[in-house]
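Student: If you scroll down you'll find the structure; I have some questions about it.
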Amino acid sequence: LACRFGDYGTTPATYLRPTMLSCVAPEPTKTLGSQPQSVDLVVTVNGAKWTSTAIRFMYRPSGGEASVVPQSGPSGGGTSVLVSMARSANGSFLQDDVLACVFDMGVAVAGSDVAFDVDAEWVDAQTVRCTVPPMESDANATTVHVSVTANGGTVTSAPASYAYFERSEERRVGKECR
């Protein structure tokens with residue numbers, strides 16, 4: 001069971017269910033420049049015969065450092081945030097991408113970090129909108145890392161920080177501002 005990514009190479013595939021496999025794309029062997037590059041992705045079950053119909057897989061240049069606005073919100077989640085890449089970044093979000101914001105809670109469960117993927121809405125080539133999930137009760141910190149994925153691959157090269165605060169802090173700040 002394997003996946004072949006155009007001229008970039010073949011990697012082992014993992015069976016997930018009858019209509020789904022998982023495979024890790026090899027690093028591109030050619031310089032991508034500033035534009036995404038698509039290749040044919042085909043699959044084999046025996047190493048000899050490959051699927052006759054390819055799907056397009058998009059390699060993207062590395063994105064820029066992410067920023068998030070607003071930078072904080074209540075621990076219960078629900079805040080709508082804009083996550084953007086630096087305008088000078090080579091990467092970009094395409095309108096037909098399947099986009100997600102990833103909130104890394106900094107919690108280790110069975111040796112793996114807990115991260116929440118939430119759907120993201122395309123705003124423009126550098127910005128997506130998503131809704132912050134509730135803070136994980138076992139979180140080690142109240143500040144988490146936020147990054148963006150497109151079609152399952154990370155687009156932002158450096159995550160942004162988002163800080164959760166308790167509702168009592170929100171009320172205190174609100175009273176001080178009046």
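Student: Only one of (1) modelled with pLDDT of 80 or more; (2) within 30 Å of Arg129 (Cβ to Cβ); (3) open to solvent by 30 Å² or more (accessible area, probe 1.4 Å); (4) over 20 Å from the mean Cα position of the chain (by Cα) fails for Gly33. Which number is that?
Tutor: (1)
Student: What are the residue pairs meeting all of these: first residue in region 1-24, first residue among the aromatic types (Phe, Trp, Tyr), second residue outside any strand (DSSP E or B) and open to solvent by less than 40 Å² (accessible area, probe 1.4 Å), Cβ atoms under 7 Å, and 6 or more apart or on different chains?
Tutor: Phe5/Ala25; Phe5/Pro26; Tyr8/Pro26
Student: Could you check how many residues of region 1-22 are open to solvent by 40 Å² or more (accessible area, probe 1.4 Å), under 22 Å from Asp97 (Cα atoms) and either modelled with pLDDT of 90 or more or not hydroxyl-bearing (Ser, Thr, Tyr) (or both)?
Tutor: Number of matching residues: 3.
Student: Quick check on region 91-105: of everything there that is at pLDDT below 80 and farther than 10 Å from Gln126 by Cα, which residue is least open to solvent (accessible area, probe 1.4 Å)?
Tutor: First, pick out the residues of region 91-105 that are at pLDDT below 80: 91-97, 105.
Remaining after also requiring farther than 10 Å from Gln126 by Cα: 95-97, 105.
Values: Gln95: 132, Asp96: 131, Asp97: 22, Met105: 3 Å².
So, considering only residues that are at pLDDT below 80 and farther than 10 Å from Gln126 by Cα, the one least open to solvent (accessible area, probe 1.4 Å) is Met105.
Student: Right, here's the next one. Of the numbered conditions (1) in contact with a strand residue (DSSP E or B) (Cβ under 7 Å, 6 or more places away or on another chain); (2) modelled with pLDDT under 85, Ser88 fails exactly one; give the number of that condition.
Tutor: (1)
The values are calculated or read from the model by the stated rules, or taken from the named source; none is laboratory data. Remember, it's a predicted structure, so these values are computed and weren't measured experimentally. Ideal geometry is used to build each Cβ from the backbone, glycine not excepted, and the neighbour counts take in all protein chains shown. Just so you know, the surface numbers come from the protein's heavy atoms only, side chains and all, with ligands and any DNA or RNA stripped out. Shrake-Rupley method; radii C 1.70, N 1.55, O 1.52, S 1.80 Å.
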